[in-house]
Amino acid sequence: NSFTVTVNAYVPVTLKELEIVTLPTKTDYDQSYVETIINLSGMVVRGYYTDDTSKLITVTPGAITGFDITSPGIRTLAIIIDGITATFDINVIGIANISILSAANKTEYFVGDAYDKSGLIVEIIKSNGQREQRAPTDAEISGFTSVAAGTIAVTITVINKSTSYNCLIKIPAITSIT
């Protein structure tokens, strides 16, 4: 008596290749707007498997390495899923220069006065030639102190570019003595 036994060994299906079908809608990132998570909207990725099938894969920010917009230029990012990698580039737009378009309305203060940035407008020139005009944030302004009379420089810093203008701190005039 003889018989035949057929054993079907289980061969796991694994990912063997990633293809970026469509890049994310956003591939330009402005260094002056701090973003910590990549925007993957519009991205389409197809995975190819060892059983000769394929399917679309949803990519999450956690699968992306290399996202860093702290300095301008082209950045190559990697999608890593199950040890398989595909890469794509983003462009980080930096700041080429910053200038004061309009000084603050108030540039003369008395000792003890608080700073008033009303009217202060800076122009930011980007590495791609675009220009942005806006009021600086409080965090971008430094150097103002009115504890003593004199001329002080108020500095506006956006990322790594700075510009400044002077303010005059005066001692209040004595109007009467009693």
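The values are calculated or read from the model by the stated rules, or taken from the named source; none is laboratory data. Computed from a predicted structure; not experimentally measured. Using ideal geometry, Cβ is built from the backbone for each residue, glycine included, and neighbour counts are taken over all protein chains shown. We work out accessible area using only protein heavy atoms, side chains counted, and drop any ligands, DNA or RNA first. Shrake-Rupley method; radii C 1.70, N 1.55, O 1.52, S 1.80 Å.
Only Cα pairs under 8 Å and 6+ residues apart enter the sum, and on that basis the relative contact order of region 1-156 stands at 16 percent. Per-residue Karplus couplings for region 127-133, computed as 6.51 cos²θ - 1.76 cosθ + 1.60 with θ equal to phi - 60°, are listed in order as 5, 9, x, 5, 10, 10, 10 Hz, Gly and Pro entered as x.
Among the protein heavy atoms, those of Lys170 account for about 70 Å² of accessible surface (1.4 Å probe, every chain in place). In order along region 144-151, the phi-based Karplus estimate (6.51 cos²θ - 1.76 cosθ + 1.60, θ = phi - 60°) of 3J(HN,Hα) comes to 6, 8, 10, 7, 8, 5, x, 9 Hz; Gly and Pro are listed as x. Scanning residues 5 or more positions from Ile95 or on other chains, those with amide H under 5 Å from its amide H are Ser127, with H placed 1.01 Å from N in the peptide plane. Give the label of the value calculated from the structure for Rg and Dmax of the Cα atoms in Å, choosing from (i) 15.7, 53; (ii) 29.0, 129; (iii) 17.1, 53. Correct label, based on the coordinates given: (ii). Placing one equal scatterer on every Cα of region 101-152 and applying the Debye formula, the log10 ratio I(q)/I(0) at q = 0.18, 0.29 Å⁻¹ is -0.66, -1.19. If a paramagnetic tag sat 7 Å from the Cα of Val11 along the Cα-Cβ line, which residues of region 44-62 would have the backbone N under 20 Å from that point? Backbone N within reach: 47-55. Loop-located chymotrypsin sites (Phe, Trp or Tyr not before Pro) in region 27-59 (DSSP state other than H, G, I, E, B) with a sparse environment of at most 10 neighbouring Cβ atoms within 10 Å: Tyr33.
Taking all protein chains as present, what is the carbon and sulfur share of the accessible area of the chain, in % to the nearest whole number, probe 1.4 Å? Walk me through the numbers on the way to the answer.
Working: 5670 of 10960 Å².
Exposed carbon and sulfur together represent 52 percent of the surface.
Solvent-accessible area of Val44, all protein chains in place: 50 Å² (probe radius 1.4 Å, heavy atoms, ligands and nucleic acids excluded). Each label point was placed 7 Å from the Cα along the Cα-to-Cβ direction; for Ile125 and Asn91 their separation is 1.9 nm. Accessible surface calculations at 1.4 Å, restricted to protein heavy atoms, place the chain at 62 Å² per residue.
A straight Cα-to-Cα reach below 29 Å connects Lys55 with the lysines Lys16, Lys26, residues fewer than 8 places away in its own chain not being considered. If you take the Cα centroid of region 79-103 and the Cα centroid of region 138-175, the two points sit 32 Å apart. Using a probe of 1.4 Å on the protein chains alone, the accessible area found for Ile38 is around 10 Å².
Starting from the Cα coordinates of region 75-178, work out the convex hull volume and express it per residue in Å³.
Details: hull volume 13.8 nm³, N = 104.
So the per-residue Cα hull volume is 133 Å³.
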